[in-house]
Amino acid sequence: MLVIEGLTKRYATGDLALDDVSLTVPKGQVMALIGPSGAGKSTLIRCVNRLVEPTAGTIRLGETVLTALGDRALRRARRRMGMIFQEYALVERLSVMENVLSGRLGYVGFWRSWFRRFPLADIEEAFRLLARVGLDHMVDKRADALSGGQRQRVGIVRALMQDPELLLVDEPTASLDPKTSRQIMRLIIELAKERGLAAIINIHDVALAQQFAERIVGLHAGRIVFDGPASDLTPEVLTTIYGEEDWSATIRKAEDDDEDEPPAVEAARIAAAD
Amino acid sequence: MDAAAAARAWRPPPLIEAAWLRWAVYGGALLYAVLALGTLEVNWTRAAEGLERGGRFLGAFFPPDFVTHWLEIEEGLLESLTMTVTSTVFGVILSVPVALGASRNLAPMPIYLFCRGLIAVSRTFQEIIIAILFVAMFGFGPLAGMLTLAFSTIGFMGKLLAEDIEDIEKSQAEAVRATGASWFQLLAWGIQPQVLPRFIGLSAYRFDINFRESAVLGLVGAGGIGDTLNSSLDRYEFGTSAAILLIIIAIVMVCEYTSGFIRRAVQ
């Protein structure tokens, strides 16, 4: 569904962030993008919705050639790609509901959005999704009054409000504690599966990537150096992605984590999610 | 080298690394200060005499006379307040597009340079100079004062607001852009919520400044309480002048307290 061909990005400073990257993500696939800092993960997903302009290459979403779009058409295309951010990127002084409704900005005109007169169906969907992530009691709280995990759930709902076909997820757990990280990852995967969304998830936590993603792509210095199922991630592969290190513990940890979670936590998670 | 010896030898690094340059800068500054002081001519006998004259001048201000020219004072005050309110409103409204244009993260280069240029002009010329120009253009009276204050409000608000816009959290604006929002929606959803408290605070602060300036502008004929003050001084009615000064001080204090309160409330 998403087809990237020969994507290259050279910043004005001369840094080559992406070097001839080609990648296809089929409909409904959750893909984790791993790699060291500066490997180009962030640049890659920002090239897809063109928050960063690619230097060369083409990106297609379905039939649309994203790299060839003018301003107006690009804004329409962005509605089809929901983005979730590392530091949540909620508008802090706006309420939870306003942040969630901002996911509909691409669908409503300026004055409607200025007076917060969103279609009733949008508001209803917002309530439904907020209930789904367990935040329907915080609708009118200001975003900066929420905890990290709650904020990221608002970020997820905002992205889903766009009714996207593709999720672009940039380090969703980088500022969260390990337990919340797992809950957030699980939530993203569940929602993506429910709605049949493809997702590209940038993540630096290898164990989390292995635990949650069906496909893993490794990026090193702007080039793809690994592309395969999570089970193929061996110490040798991690060395080509990140460089020399003792990887044995990293890989084992992923399997332990799932079993280690006590039943009480599991129950609490389900309660929160319902 | 062992740690103990290294610890004894360690000094915090000086501000200017090269020793010769350091001493040259300090020595040069000191030498200049001494020479400059030497060129000042102070006539101490004249100063001693002046102290007494100044005392007499100040003495003439007592007692303050609120009554004799109260109607003129009242008229001047109302004119000043009107000038303050209108100039603040117009200036603040006009400063918004200028600030947007002067933000490097929003405006393309030509617009940025134009708006920054406008702000630079507005801030370079002191209110008095602009007021003289406007008095020449529009004649004596509060219109010239109002235009002067509105013009300098644009420079003041434009610069400080643009700086705040350039300092926003980029990620919040990026998130709004990523939803497919238009440019105006980006302003209303990604930027306005981030800069609104500062915008309100600056507007309140500027109101306070505009009142103080309106009292000064009268001295060049731009209307307001300053005009009343000026004519009372010209007529040697120092009691009236004292009354006017006391009223200005009181209003400035009220304005300052109120704008401080507003700024704290919105932070």
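With (1) touching a Gly at 6+ places or on another chain (Cβ under 6 Å); (2) of a type outside the set (G, A, S); (3) within 14 Å of chain A (Cβ to nearest Cβ) as the list, and B:L219 as the residue in question, which single condition is left unmet?
The number of the failed condition is (3).
Out of B:V98, B:V92, report the one residue that is more than 30 Å from B:S241 (Cα to Cα), in contact (Cβ under 8 Å) with a residue 12 or more places away in the chain and touching a Ser or Thr at 6+ places or on another chain (Cβ under 8 Å).
Values: B:V98 fails: touching a Ser or Thr at 6+ places or on another chain (Cβ under 8 Å).
Exactly one residue qualifies, and that residue is B:V92.
Can you name the number of the only condition in (1) hydrophobic (A, V, I, L, M, F, W, C); (2) within 28 Å of B:E169 (Cβ to Cβ); (3) touching a Cys at 6+ places or on another chain (Cβ under 8 Å) that B:F199 fails?
(3)
Quick check on A:L33: is it crowded, with 22+ Cβ neighbours inside 10 Å, without any contact (Cβ under 8 Å) to a residue 60 or more places away in the chain, in contact with a Leu (Cβ under 9 Å, 6 or more places away or on another chain) and more than 30 Å from B:A188 (Cβ to Cβ)?
Working: crowded, with 22+ Cβ neighbours inside 10 Å: yes; without any contact (Cβ under 8 Å) to a residue 60 or more places away in the chain: no; in contact with a Leu (Cβ under 9 Å, 6 or more places away or on another chain): yes; more than 30 Å from B:A188 (Cβ to Cβ): yes.
Against the criterion (crowded, with 22+ Cβ neighbours inside 10 Å, without any contact (Cβ under 8 Å) to a residue 60 or more places away in the chain, in contact with a Leu (Cβ under 9 Å, 6 or more places away or on another chain) and more than 30 Å from B:A188 (Cβ to Cβ)), A:L33 does not qualify.
Any idea which of (1) of a type outside the set (K, R); (2) out of contact with any strand residue (DSSP E or B) (no Cβ under 8 Å at 6 or more places or on another chain); (3) surrounded by fewer than 24 Cβ atoms within 10 Å (Cβ to Cβ) is the one A:T173 doesn't satisfy?
Among (1) of a type outside the set (K, R); (2) out of contact with any strand residue (DSSP E or B) (no Cβ under 8 Å at 6 or more places or on another chain); (3) surrounded by fewer than 24 Cβ atoms within 10 Å (Cβ to Cβ), A:T173 violates only (3).
Output the residues belonging to the stretch B:171-213 that are more than 9 Å from chain A (Cβ to nearest Cβ) and among the charged types (D, E, K, R).
Once the filter is applied, which keeps residues that are more than 9 Å from chain A (Cβ to nearest Cβ) and among the charged types (D, E, K, R), the stretch B:171-213 yields B:R198, B:R206, B:D208, B:R212, B:E213.
Name every residue in the stretch A:49-87 that is of a type outside the set (V, I, T) and more than 11 Å from chain B (Cβ to nearest Cβ), in order of residue number.
Restricting attention to the stretch A:49-87, the residues satisfying the condition of being of a type outside the set (V, I, T) are A:49-51, A:53-54, A:56-57, A:60-63, A:66, A:68-83, A:85-87.
If the condition is that a residue be of a type outside the set (V, I, T) and more than 11 Å from chain B (Cβ to nearest Cβ), then A:E53, A:P54, A:A56, A:G57, A:R60, A:L61, A:G62, A:E63, A:L66, A:A68, A:L69, A:G70 are the ones that fit.
Looking at the stretch B:123-169, which of its residues are more than 17 Å from B:V96 (Cβ to Cβ) and among the aromatic types (F, W, Y)?
B:F125, B:F134, B:F138, B:F140
Would you say A:F118 is more than 8 Å from chain B (Cβ to nearest Cβ), in a helix (DSSP H, G or I) and more than 26 Å from A:A174 (Cβ to Cβ)?
no
If I filter the stretch A:88-102 for residues that are surrounded by fewer than 18 Cβ atoms within 10 Å (Cβ to Cβ), aromatic (F, W, Y) and within 13 Å of chain B (Cβ to nearest Cβ), do I get at least one hit?
So far as the stretch A:88-102 goes, no, none of its residues is surrounded by fewer than 18 Cβ atoms within 10 Å (Cβ to Cβ), aromatic (F, W, Y) and within 13 Å of chain B (Cβ to nearest Cβ).
B:E52 fails exactly one of the following numbered conditions: (1) in a loop (DSSP other than H, G, I, E, B); (2) over 25 Å from B:L147 (Cα atoms). What is the number of that condition?
(1)
Looking only at the stretch A:158-186, count every residue that is at pLDDT below 90 and touching a Phe, Trp or Tyr at 6+ places or on another chain (Cβ under 7 Å) and tell me the total.
The number of residues fulfilling the criteria is 0.
As an exercise: evaluate B:G54 against (1) at pLDDT below 90; (2) surrounded by 15 or more Cβ atoms within 10 Å (Cβ to Cβ) and give the number of the one condition it does not meet.
(2)
Using the structure shown, decide if A:T58 is part of a helix (DSSP H, G or I) and in contact with a strand residue (DSSP E or B) (Cβ under 7 Å, 6 or more places away or on another chain).
For A:T58, the condition - part of a helix (DSSP H, G or I) and in contact with a strand residue (DSSP E or B) (Cβ under 7 Å, 6 or more places away or on another chain) - is not met.
Any residue that is of a type in the set (D, E), closer than 30 Å to A:S147 by Cβ and either part of a helix (DSSP H, G or I) or under 17 Å from the mean Cα position of the chain (by Cα) (or both) - is there at least one of those in the stretch A:92-100?
The initial filter retains those residues of the stretch A:92-100 that are of a type in the set (D, E), namely A:92, A:98.
So of that shortlist, the ones also closer than 30 Å to A:S147 by Cβ come out as A:92, A:98.
Next, from what is left, pick out any that are either part of a helix (DSSP H, G or I) or under 17 Å from the mean Cα position of the chain (by Cα) (or both): A:98.
Within the stretch A:92-100 (the criterion being of a type in the set (D, E), closer than 30 Å to A:S147 by Cβ and either part of a helix (DSSP H, G or I) or under 17 Å from the mean Cα position of the chain (by Cα) (or both)), the answer is yes, since at least one residue qualifies.
Kindly indicate which of A:F212, A:F226 is out of contact with any Cys (no Cβ under 7 Å at 6 or more places or on another chain), over 29 Å from A:G149 (Cβ atoms) and of a type in the set (F, W, Y).
A:F226
The values are calculated or read from the model by the stated rules, or taken from the named source; none is laboratory data. Note that this is a predicted model, so its numbers are computed, not measured. Here the Cβ is made from the backbone with ideal geometry for all residues, glycine too, and neighbour counts use every protein chain on show.
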